[in-house]
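The values are calculated or read from the model by the stated rules, or taken from the named source; none is laboratory data. Small disclaimer: the values here were computed from a predicted structure and weren't measured. Please note: Cβ atoms are built from the backbone with ideal geometry, for glycine as well, and neighbour counts cover all protein chains shown.
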């Protein structure tokens, strides 16, 4: 696997080595030993999640606070998304900054987002299947997030905001300037 650091410390993009032949292809999508070496510490994933969405669907920017914070390893197995992580670690030099990467079934890239980040994605293709591993269990009382259209973040989602399909819950998320005490 090829590891590409991002400007946000701890976030990395993983590109697999793909072996093609006349039958198709093969690649190793996850290897705990190699992954832990790449991130520099042991990550114990405990939950896998999957979503199916259509073009323009936005999911995020979500996070789990405090003791229920989660690291995520995300990938797309059908279609294409723009995936975004926002640094919310109060002591980080990149606090309030984001990184975006296109993930697709074609490029097979994965994106690792450590604890202390909000995460979200928008579907750019007609449909997409999005899969991710978490290193902590979901806890409803610890969920939080940021509004996708926060003017201080100024994220270009690749689709006009008026065309995004956003849940009522996500429309009510706060702007970064109104977020306090996330426990990171």
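General observations
- Among the residues of the range 142-173, the one identified as farther than 14 Å from residue 120 by Cβ, touching a helix residue (DSSP H, G or I) at 6+ places or on another chain (Cβ under 9 Å) and touching a residue at least 60 places away in the same chain (Cβ under 8 Å) is 142.
- In the set (1) loosely packed, with under 12 Cβ neighbours inside 10 Å; (2) touching a residue at least 24 places away in the same chain (Cβ under 8 Å); (3) touching a strand residue (DSSP E or B) at 6+ places or on another chain (Cβ under 6 Å), the condition left unmet by residue 5 is number (2).
- Filter result for residue 84 (over 18 Å from residue 152 (Cα atoms) and assigned to a strand (DSSP E or B)): no
- Meets criteria (farther than 20 Å from residue 136 by Cα and modelled with pLDDT of 95 or more) for residue 122: yes
- Residue within the range 14-32 that is surrounded by 13 or more Cβ atoms within 10 Å (Cβ to Cβ), outside any helix (DSSP H, G or I) and under 16 Å from the mean Cα position of the chain (by Cα) present: yes
- When residues of the range 112-136 are limited to those that are out of contact with any strand residue (DSSP E or B) (no Cβ under 6 Å at 6 or more places or on another chain) and on the phi < 0 side of the Ramachandran plot, the one surrounded by the fewest Cβ atoms within 10 Å (Cβ to Cβ): 126
- Meets criteria (crowded, with 16+ Cβ neighbours inside 10 Å and in contact with a helix residue (DSSP H, G or I) (Cβ under 8 Å, 6 or more places away or on another chain)) for residue 176: no
- In the range 61-78, the count of residues that are at positive phi, crowded, with 16+ Cβ neighbours inside 10 Å and in contact (Cβ under 8 Å) with a residue 60 or more places away in the chain is zero.
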